[in-house]
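Asker: Below you'll find the structure I mean.
The values are calculated or read from the model by the stated rules, or taken from the named source; none is laboratory data. Computed from a predicted model, the values in this text were never measured in an experiment. Here the Cβ positions follow ideal geometry from the backbone for every residue, glycine too, while neighbour counts run over all protein chains shown. For the accessible areas, the whole protein counts, side chains as well, though only heavy atoms, and no ligand, DNA or RNA atoms are used. Shrake-Rupley method; radii C 1.70, N 1.55, O 1.52, S 1.80 Å.
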Amino acid sequence: MTVSALALAGCSSGAPSSPGASSGPASSSEGSPSGSGSATSGVHVSGAPAPLAALVSTLYAGGDLTHTSSPTAAKALTTRKAATGSVDATAKVGSWMGTPVAVVTAGDDVTLAVGPTWKVVGGWWPSLGVPTPSLGGGPRWVLAIGSDARKGQPLERTRADVLQVIGVDGKGGGAVMGMARDLWVPLSTGGKGKINSAMVFGGPRAQVSTVRSVTGLPVEGYVVLGFSGFKKIVDAEGGVPIVIPKTVVASHAKNLVIQAGAQTLSGAEALAYARERKTLPDGDFGRSRHQGEVILAAAIKAKLAGPIAIPSALTSFSKVGKSNLSAEQILTFTAGLHQLSPLKVGRGVAQGAFGWAGQQSIVVLGNQARSLFAEFRDGNLS
């Protein structure tokens, strides 16, 4: 539900941009917007602070970016050519956990930048002859956590109601892997317990460490969101268009009925669908599968909105969620989701046999889950 909300938050093409992205007179101030900035003749950047407009102009003029780019972006841009004609670019500026972020589009080109001292951190530039996108390499994985926190409870110190590992292979493919929350595993905080209890004892970082240890995947970090934040974002962006395979009665949501077929789920409906397990024949495994369906449906809607919507998505999520990912990490990762081919995105759920640990019903990690972890090491699932 976390990644779904993150994707949906930027789906509306009319979503307001953050301060610094509105049009107005050009300014030399780092945070001031410029309606149509240009540091090089023939390069015009609308909606960007003056330093960002100057950076983009330098990019298209073939100027030196070695001190303003991340190492991976700088390496990709060493092969670029200078633009042969005028360039009209549009910038959208937002914020990720207090750090300015921006996406600049010019035709088929996309430039990803991070402030406040603006630097290019990734993107793709076919017009400049850059052969491949620069998005932090691959494969990459991020853990999406849905917190079970109720009103008044700490978001990052309750059970992880949702655990989904989102992967990209760096070649246009990726996958979503759900993890049954009752998997009985060694916890990074010590001892053994249900995998979703790691966040109770050690917060999201402990949850990530536990998932890394269990799966063998070098997960970069986490994004975590609660129930109310998820519903707010989904409703604000007009819901989740999805095809429901089979009618579901959400027992925990006053028997809300979610009908089979194509429809657009509200925030409450999407949450109910993602959380229901009691009425499903395969219980928590089916529940995790539903979560993957919602994530992919939201990702498709976000892909249709285009990369320009990413800054508003990150801004909206930052108001209600938490993460330990840097602005560069989240910007290049979410942009990478826009590069995925729908035909190359797999899904899976780490399952196991039911058992007991004292009085607790648990899921015992078995060969099915271990095989899934091994298959996911390339960032994709068949």
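Asker: Nearest 5 percent is fine: what portion of the DSSP beta bridges confined to the chain is antiparallel?
Answerer: So the antiparallel bridges amount to about 75 percent of the total.
Asker: Turning to a different aspect of this structure: Given a Förster distance of 41 Å, report the FRET efficiency between K171 and A236 from their Cβ-Cβ distance, rounded to the nearest 0.05.
Answerer: Computed FRET efficiency for K171 and A236 comes out at 0.75.
Asker: In a GNM of the chain with a 10 Å cut-off on Cα contacts, which of G98, G137, G115 has the highest mean-square fluctuation?
Answerer: Evaluated over the chain, the most mobile residue of the options is G98.
Asker: Counting each DSSP H run of 4 or more residues in the chain as -39500 (n - 2.57), what helix-only mean residue ellipticity at 222 nm follows after dividing by all residues, to the nearest 500 deg cm²/dmol?
Answerer: -9500 deg cm²/dmol
Asker: Starting from 0.36 nm per residue, how many nanometres of slack lie between S213 and H67 once their C-alpha separation is accounted for?
Answerer: Taking S213 through H67 to full extension adds about 48.9 nm, to one decimal.
Asker: Looking only at K319, K171, K303, which one moves most when the chain is put into a Gaussian network model with springs between Cα atoms under 10 Å?
Answerer: K319
Asker: Then there's this: Past the 29 Å Cα-Cα mark, which pairs from K151/K246; K75/K344; K119/K151; K81/K344; K246/K319?
Answerer: K151/K246; K119/K151; K81/K344; K246/K319
Asker: Also: Starting from the Cα gyration tensor of the chain, take the square roots of the eigenvalues, sort them a ≥ b ≥ c, and report rounded, prolate or oblate (rounded when a/c is under 1.5, otherwise prolate if a/b is larger than b/c, else oblate).
Answerer: Prolate, because a/c is 1.5 or more and a/b exceeds b/c.
Asker: Once the piece of chain linking A82 and A374 is laid out straight, how much longer is it, given 0.36 nm per residue of separation minus the C-alpha distance between them?
Answerer: 100.8 nm
Asker: Please work out the FRET efficiency for the pair S326 and T279, using the Cβ-Cβ distance as r and a Förster radius of 35 Å; give the result to the nearest 0.05.
Answerer: 0.30
Asker: At a 1.4 Å probe, what is the % contribution of carbon and sulfur to the accessible area of the chain?
Answerer: 54 percent
Asker: Mind telling me which of V243, V349, V223 comes out most flexible in a GNM of the chain, alpha-carbon contacts under 10 Å?
Answerer: Result for the chain, Cα springs under 10 Å: V243 fluctuates most.
Asker: Distance check, please: which entries in K171/K192; K232/K322; K232/K254; K278/K322 exceed 27 angstrom between their Cα atoms?
Answerer: Distance filter (> 27 Å) returns K171/K192; K278/K322.
Asker: Another question, if that's okay. Could you work out how far apart the two model spin labels at S382 and A260 are, taking each label as a point 7 Å from the Cα in the direction of the beta carbon, and quote it in nm?
Answerer: For S382 paired with A260, the spin-label model returns 2.9 nm.
Asker: When you count, for each residue, the other Cβ atoms within 10 Å and take the mean per peptide, how do 149-156, 361-368, 308-315, 295-302 rank with the highest first?
Answerer: 308-315, 295-302, 361-368, 149-156
Asker: Can I ask one more? Go through the stretch 257-295 and name the trypsin sites (Lys or Arg not before Pro) that are in a DSSP coil and have 15 or fewer other Cβ atoms within 10 Å of their Cβ.
Answerer: K278
Asker: With each pseudo-label sitting 7 Å past Cα toward Cβ, what's the K344-H252 distance in nm, one decimal?
Answerer: Going by the 7 Å Cα→Cβ label model, 3.6 nm.
Asker: To the nearest 10 square angstrom, how much accessible area does D64 have with a 1.4 angstrom probe?
Answerer: 100 Å²
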